[in-house]
Each structure stands twice: as C-alpha cells, then as structure tokens.
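Data block below; observations after.
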Amino acid sequence: MSVHTGTAARRVEDIPGVYKYCDDWCEFCRVTARCTSHRVRQAWEARRRRDSAFDADDSIAFTREVAAAAGETTPGLDALMAGDPKGEYQPVPADEGLCLLASQYAVGAGFLLTRAGWRPPASGTFGRSPGPQDVLAWYHQFLAMRATRALVAAARADRGIPGERDDAEGSAKIALVGIDRSRAALARLTDGRHANICRHLDGMLESLAAGLEARIPGARAFVRIGLDAPVV
C-alpha cells in the first residue's frame with residue numbers, strides 16, 4: 001500500500017541534490033540535517049511504524065515525492081514505469097557485461113552473507129559502527145543498481161542528452177565508493193572460513209571498478225557537494 005505524506009518544499013539550508021549520489025545510509029551520514037530526501041524519509045518512516053511495510057509502490061512514490069520536494073521531475077522513472085517503450089534507459093550492448101558483473105557480484109555477496117549467517121539488526125538501525133558483513137550487506141545490491149544507472153547515463157550522454165554526463169559520473173562515483181568500502185570489508189574477512197569466496201568477490205569488484213573507471217573516466221574526480229566538498 002502506498003503511503004503519502006504530502007510534499008514539503010526544499011528548505012534554503014538544504015544542500016541541493018546531496019542525496020542523488022550518496023549511499024542512502026542516513027544513519028552514518030553527517031549532512032542529514034540539510035538533506036531534503038532525509039526529511040521526507042523521516043516522515044515516511046514515522047508513517048510506516050503506524051501503517052504497513054514499505055513496498056515497491058511506496059519506493060516509487062517516495063522517489064517522486066523527493067523529486068517534487070526539490071522542484072524536479074522523474075523522467076527516467078516515468079519512462080521505466082511505462083516499460084521504456086523507446087528503449088531510452090537501457091545500457092548499450094558494450095556495457096552489458098559490466099551490468100552483468102555487478103549483478104553477479106550482488107548474488108555472490110548475498111550467498112556469502114547467507115553462508116556466514118549475517119542478520120540485519122532487529123531494530124532496523126545499527127547504533128554502532130557497521131562491521132564488515134554489515135558493509136557488504138548494505139552495498140551488494142546498491143552497487144548493481146548504481147553501476148547500471150551510471151552505464152545507462154553514460155550511454156545517454158554519448159548521444160548528447162543534456163545532464164546525463166553528470167549523472168553518469170555521480171552515479172559511478174558512489175558505486176566506486178561502495179566498491180572501495182566493500183573491498184575493505186572483504187579484506188577483513190579473508191582470514192576466515194569463507195576466505196576463497198571473499199577473494200573471488202574481491203576480484204569481481206576489482207574488475208567492476210576498473211570497468212567503470214574506463215567507461216566513465218571522470219567518475220573518481222566527480223565532486224559531490226556536501227559529501228566530497230563542504231558547503232557553508
């Protein structure tokens with residue numbers, strides 16, 4: 001069931017678009033007080049505690065509400081929800097291998113977490129610094145989604161569509177940040193009984209990072225205002 005909280009306007013102290021290229025891990029973010037998305041998310045979370053669980057329809061509605069609060073639209077989401085009839089939001093064939101690699105990593109990391117007996121915190125929040133398994137759990141599906149978004153945006157940028165180069169670089173930047181953190185987490189697990197799969201997953205991430213950097217050369221240097229550079 002979709003939940004509607006009403007759209008709140010972006011406040012002047014909010015950092016424009018800071019949420020677009022973050023990892024959505026609000027619990028460990030230093031700029032939540034200036035994030036439009038976080039404010040909308042808090043309202044949704046409060047409603048969820050009184051109502052039903054967050055579902056796919058809610059996720060779509062939430063994304064649209066955040067965009068509306070920031071005075072933006074969601075053309076990509078709208079096209080995908082309509083089945084992308086013009087094929088405007090698909091990776092080009094040359095990038096499909098990287099998309100597949102990202103998806104395969106997500107499956108492999110999920111397998112590792114299951115084998116290791118990882119469980120999310122009962123409260124829904126960590127209340128502490130996340131451990132290596134927590135980091136893997138947070139990023140494994142996130143990486144697949146963000147890498148694919150970056151590659152789709154890169155393909156659209158190659159066709160001269162305005163604004164897509166920034167989206168490609170920003171999306172690839174947060175994917176690379178997640179890759180770096182996931183590889184650091186895997187390094188902390190390689191002495192355990194799942195060492196072989198940890199090394200295999202690390203190799204997949206190394207290849208994914210190299211592929212993203214080659215496809216989107218400006219990704220590492222992309223500056224996310226409020227995250228990579230402070231805002232006064």
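The values are calculated or read from the model by the stated rules, or taken from the named source; none is laboratory data. Bear in mind that the values here come from a model prediction, so they are computed numbers and not experimental data. Using ideal geometry, Cβ is built from the backbone for each residue, glycine included, and neighbour counts are taken over all protein chains shown.
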Restricted to region 79-114 and to residues being more than 24 Å from Pro162 (Cβ to Cβ) and polar (S, T, N, Q), the residue surrounded by the fewest Cβ atoms within 10 Å (Cβ to Cβ) is Thr114
Search result, residues across region 61-94 that are in contact (Cβ under 8 Å) with a residue 24 or more places away in the chain and over 14 Å from Thr148 (Cβ atoms)
Ala61, Glu65, Val66, Ala68, Ala69, Ala70, Gly71, Glu88
Val135 free of Cβ contacts under 8 Å to residues at least 12 places away in the same chain and part of a helix (DSSP H, G or I):
no
Consider region 33-52. How many of its residues are under 21 Å from the mean Cα position of the chain (by Cα) and either over 16 Å from Tyr21 (Cβ atoms) or at pLDDT below 90 (or both)?
8
Residues satisfying the stated conditions in region 138-157, i.e. farther than 21 Å from Asp180 by Cβ, in contact (Cβ under 8 Å) with a residue 12 or more places away in the chain and of a type outside the set (Val, Ile, Thr)
Ala155, Arg156
I'd like to know if region 202-213 contains one or more residues that are part of a helix (DSSP H, G or I), among the acidic types (Asp, Glu), within 30 Å of Pro75 (Cα to Cα) and under 14 Å from the mean Cα position of the chain (by Cα).
no
